[in-house]
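The values are calculated or read from the model by the stated rules, or taken from the named source; none is laboratory data. Owing to the predicted nature of the structure, the values given are computational and were not obtained by experimental measurement. Because the Cβ atoms are built from the backbone with ideal geometry, glycine has one as well, and the counts that use them run over all protein chains shown. The area values use the complete protein model at the heavy-atom level, side chains included, leaving out ligands, DNA and RNA. Shrake-Rupley method; radii C 1.70, N 1.55, O 1.52, S 1.80 Å.
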Amino acid sequence: LKKSGFRFDITHVTRLAEAVDRISSERFDLILLDLSLPDSQGLDTLMGIRAVAKAMPVVVLTSHADESVALTAVRMGAQDYLTKGALDGGLLARSLHYAVERHRTLAELEKANQRIGDFTSMIVHDLRSPLVNIIAIGDMLHEGLFGSLNEEQQKWLGRIVVSGHRMVKLVSNVLDLSKLQAGCM
């Protein structure tokens with residue numbers, strides 16, 4: 001790793017329990033995980049790490065060259081699955097570097113999506129309020145509260161009110177969709 005050109009500060013532990021303690025009390029950019037530890041074996045090791053480090057990127061480095069285990073590990077949130085026998089320092093360093101960068105990029109995208117969702121909710125809310133007022137005023141005009149209307153005026157006013165109701169429904173659907181995407185529904 002030192003020869004790779006990337007800078008790494010490494011903290012080494014040999015047991016899952018020790019890793020969990022360290023992760024709970026310190027900040028790390030990445031976890032390089034062997035699936036075979038004295039106190040944990042296989043994918044249970046990854047599950048143990050994921051329980052305390054849900055958002056932290058994990059690269060699995062193990063001697064298990066099992067494609068189905070590798071795919072399962074990636075589905076469980078591992079950024080990469082590397083086999084010790086088929087690896088050199090440059091490849092390992094690139095994998096670690098890329099895992100950190102992917103994680104940072106995904107975090108930025110999530111923040112951007114949140115801002116877009118917040119903006120959409122604000123726009124939709126700001127659109128719905130005047131539409132509801134337009135419909136209410138249209139209903140009052142239709143009921144003759146401001147004087148009588150001829151047949152032609154009634155027809156056009158009816159179209160305004162019906163279109164207003166459609167717009168409110170569309171705006172409400174967009175608001176519901178943004179709430180659903182934000183996990184607030």
For the pair Phe8 and Arg159, the simple spin-label estimate (label points 7 Å beyond Cα toward Cβ) gives in nm 7.0
If you take every DSSP beta bridge fully contained in the chain, what fraction is antiparallel? Give it as a percent rounded to 5. 20
When we measure straight from the Cα of Lys2, which lysines land under 23 angstrom away, once same-chain ones fewer than 8 places off are left out? Lys84
Computed from these coordinates, which is Kirkwood radius over Cα pairs in Å: (i) 19.2; (ii) 21.2; (iii) 17.9? (ii)
Distance in nm between Leu1 and Asp39 label points, each 7 Å along Cα→Cβ, equals 2.1
Distance between modelled label sites at Leu71 and Ala136, nm, 7 Å Cα→Cβ extension: 5.8
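Taking the solvent-accessible surface of protein heavy atoms with a 1.4 Å probe, what is the per residue accessible area of the chain in Å²?
67
Name the longest site-free stretch of the chain, where the excluded sites are trypsin sites (Lys or Arg not before Pro) in a DSSP loop with no more than 14 other beta-carbon atoms within 10 Å.
Numbers: sites that count: Arg7, Arg15, Arg27, Lys54.
Free of exposed loop sites, the longest segment is 55-185.
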How much length would be gained if the chain were fully extended between Ser63 and Asp21, taking 0.36 nm per residue of separation minus their Cα-Cα distance, in nm to one decimal? 12.6 nm
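At 0.36 nm per residue, and after removing the present C-alpha to C-alpha distance, how many nm does the segment from Arg166 to Leu87 gain when stretched out fully?
Values: separation 79, 0.36 × 79 = 28.44 nm, distance 6.05 nm.
Full extension from Arg166 to Leu87 adds 22.4 nm.
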In the chain, carbon and sulfur make up what percent of the accessible area (probe 1.4 Å)? 58
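Counting chymotrypsin sites (Phe, Trp or Tyr not before Pro) as exposed when in a DSSP loop with at most 16 other beta carbons within 10 Å, what is the longest stretch of the chain free of them? Spell out each step's value before the answer.
Values: sites that count: Phe6, Phe8, Phe28, Phe146.
It works out to 29-145.
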Would you mind checking which residues have amide H under 5 Å from Leu82's amide H? H placed 1.01 Å from N; only 5 or more apart, or other chain. Val60, Leu61, Thr62
Taking a spot 7 Å from the Cα of Tyr98 along the direction of its beta carbon, which residues of region 25-57 have an amide N less than 18 Å from it? 30-33, 57
Over the chain, what is the mean sequence separation of C-alpha contacts under 8 Å (at least six apart), divided by residue count, expressed as relative contact order in percent? 17
